[in-house]
Amino acid sequence: MTWAGVNLSEDQRAVSDMVLEWREPLAPLDTDDDAAAETARAGIVELGVWSMGMPETVGGDDAAIDLRVAALAALGGRFAALAWACAQAHAAAEVLAGARVRGELLPHIVAGKQAVAVVDLGSVGVQLTIDGGRASGTIARIDAGGAEPALVILDGDDTAWLLEPSAIRAREAHRRTGFAGARTSSAVIDGTVTRISDVAVSGVRARLRLAGAAIAAGVALDAAALAADYASSRVQFGGPLTALPTVRRSLDQQRRRAVLSLSAAVCDDGESLDRATGALAQNLGRAIEVAADALQSHGGYGYIEEYGVARLLRDAVSLRAATSMI
């Protein structure tokens, strides 16, 4: 079975079809409308995508990584920020599953009721001091997709840290080019931190970066599809734009790059950090290139919001900024 010419397993195709069918009647988020974002998040939870692949011991279904990646790619073109919030929830659940976390924090993360962000202590945007069970400092960017997030910090090869919402004071919301629903902000950190030892951090990083690559692929696929639809229906010089060789070449290049991105994401097992890091970097670059070319394919109409392609370019740029924290 295939999607955009990429070979998928029967289960991967079923998952991607499920998500694509669910999102079809829904308008993409274009502002930080909390009510609309919560409605979309609730739909993702109801589909089972939010907890897909999370450990069964914490309320997930233990689905294989390839199914989760297919679902995130299908979400990416319509709800990139919420797809990234979902990916971070998966990473957080993986880290916290083996730890003794008090209260309802982990169940609420799994159920999509508690926002959570994941950052890497080695990121240039993370300026933290952790000492004596307390953390203090600043984090340049959090894209948790919800208010009052918890925070999981990846540290080295086998350690992570958990900061509960009370230790995180969000600053004013960031001005973004896109990524509606991300609730992006910087944060001041000051509070108790819980150490989580014996975590396979390399694997968590790999799967989180692969998730970002999948979302970027979804953005590229939607942008290429919008350009192809517009060019086939737009009549100019006595025929559709697709009658022009230069237009056909551009559309073909857009589609090829989008397909390369999808293949890099859905055919990966999430085990190699180097491979996932490469896929993320390449897919982010291709998403921006494809969306920019798709906007050009629309001519001046590409800047009109109702055509949707400008939003995808903004989402691609903002996704690159968001994933720089991991």
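Quick notes on this structure:
- Here the condition is being at pLDDT below 95, at positive phi and of a type in the set (D, E, K, R); of Asp252, Asp229, Asp198, Asp268, it holds for Asp198 alone.
- If you go through segment 19-52 and keep only what is hydrophobic (A, V, I, L, M, F, W, C), out of contact with any Leu (no Cβ under 8 Å at 6 or more places or on another chain), farther than 19 Å from Ala92 by Cβ and assigned to a loop (DSSP other than H, G, I, E, B), you end up with Leu26, Ala27.
- Every residue from segment 100-137 that is touching a residue at least 60 places away in the same chain (Cβ under 8 Å) and among the basic types (Lys, Arg): none
- Unmet criterion (only one of (1) assigned to a loop (DSSP other than H, G, I, E, B); (2) crowded, with 22+ Cβ neighbours inside 10 Å; (3) charged (D, E, K, R)) for Asp269: (2)
- Residues (surrounded by fewer than 22 Cβ atoms within 10 Å (Cβ to Cβ) and more than 26 Å from Ala80 (Cα to Cα)) located in segment 162-195: Ser166, Ala167, Asp190, Gly191, Thr192, Val193, Thr194, Arg195
- Pairs linking a residue in segment 31-42 that is of a type outside the set (A, V, I, L, M, F, W, C) to a residue that is part of a helix (DSSP H, G or I) and surrounded by 13 or more Cβ atoms within 10 Å (Cβ to Cβ), with Cβ atoms under 7 Å and 6 or more positions apart or on different chains, are Arg41/Leu82.
- Residues located in segment 170-195, provided they are modelled with pLDDT under 90 and either farther than 27 Å from Asp34 by Cα or assigned to a strand (DSSP E or B) (or both): Ala170, Arg171, Glu172, Ala173
- Of all residues in segment 196-218, those satisfying the criterion of being part of a loop (DSSP other than H, G, I, E, B) and either out of contact with any strand residue (DSSP E or B) (no Cβ under 8 Å at 6 or more places or on another chain) or surrounded by fewer than 17 Cβ atoms within 10 Å (Cβ to Cβ) (or both) are Asp198, Ala200.
- Check on Ala214, in the same structural domain as Ala258 (by TED's automatic domain parsing), under 16 Å from Asp293 (Cα atoms) and small (Gly, Ala, Ser): no
- Checked across segment 102-111, the condition of being among the small types (Gly, Ala, Ser) and under 28 Å from Ala27 (Cα atoms) holds for at least one residue.
- Unique match (being under 18 Å from Arg68 (Cα atoms) and part of a helix (DSSP H, G or I)) among Arg275, Arg257, Arg286, Arg248: Arg275
- Leading residue by the ranking (modelled with the highest pLDDT) among those in segment 145-160 that are over 29 Å from Asp315 (Cβ atoms) and out of contact with any Ser or Thr (no Cβ under 7 Å at 6 or more places or on another chain): Asp155
- When Asp131, Asp155 are checked against the criterion of being surrounded by fewer than 24 Cβ atoms within 10 Å (Cβ to Cβ) and within 27 Å of Leu284 (Cβ to Cβ), a single residue qualifies: Asp155.
- Residues satisfying the stated conditions in segment 87-107, i.e. more than 16 Å from Val199 (Cβ to Cβ), surrounded by 15 or more Cβ atoms within 10 Å (Cβ to Cβ) and at pLDDT below 95: Leu105
- Note on segment 259-274: among residues that are more than 16 Å from the chain's Cα centre (by Cα) and touching a residue at least 60 places away in the same chain (Cβ under 8 Å), the one that is farthest from Arg207 (Cα to Cα) is Val259.
- For beta carbons closer than 6 Å, sequence separation of 6+ or different chains, a first residue in segment 1-12 that is under 19 Å from Val219 (Cβ atoms) and a second that is of a type in the set (D, E, K, R), the qualifying pairs are Gln12/Asp66.
- Considering residues of segment 1-15 that are assigned to a strand (DSSP E or B) and among the polar types (S, T, N, Q) only, the residue nearest to Ala265 (Cα to Cα): Asn7
- Set side by side, the residues Leu284, Leu251, Leu244 differ, and just one is within 21 Å of the chain's Cα centre (by Cα) and among the aliphatic types (A, V, I, L, M), which is Leu284.
The values are calculated or read from the model by the stated rules, or taken from the named source; none is laboratory data. Computed from a predicted structure; not experimentally measured. With ideal geometry, Cβ positions are generated from the backbone for all residues, glycine too; neighbour counts draw on all protein chains shown.
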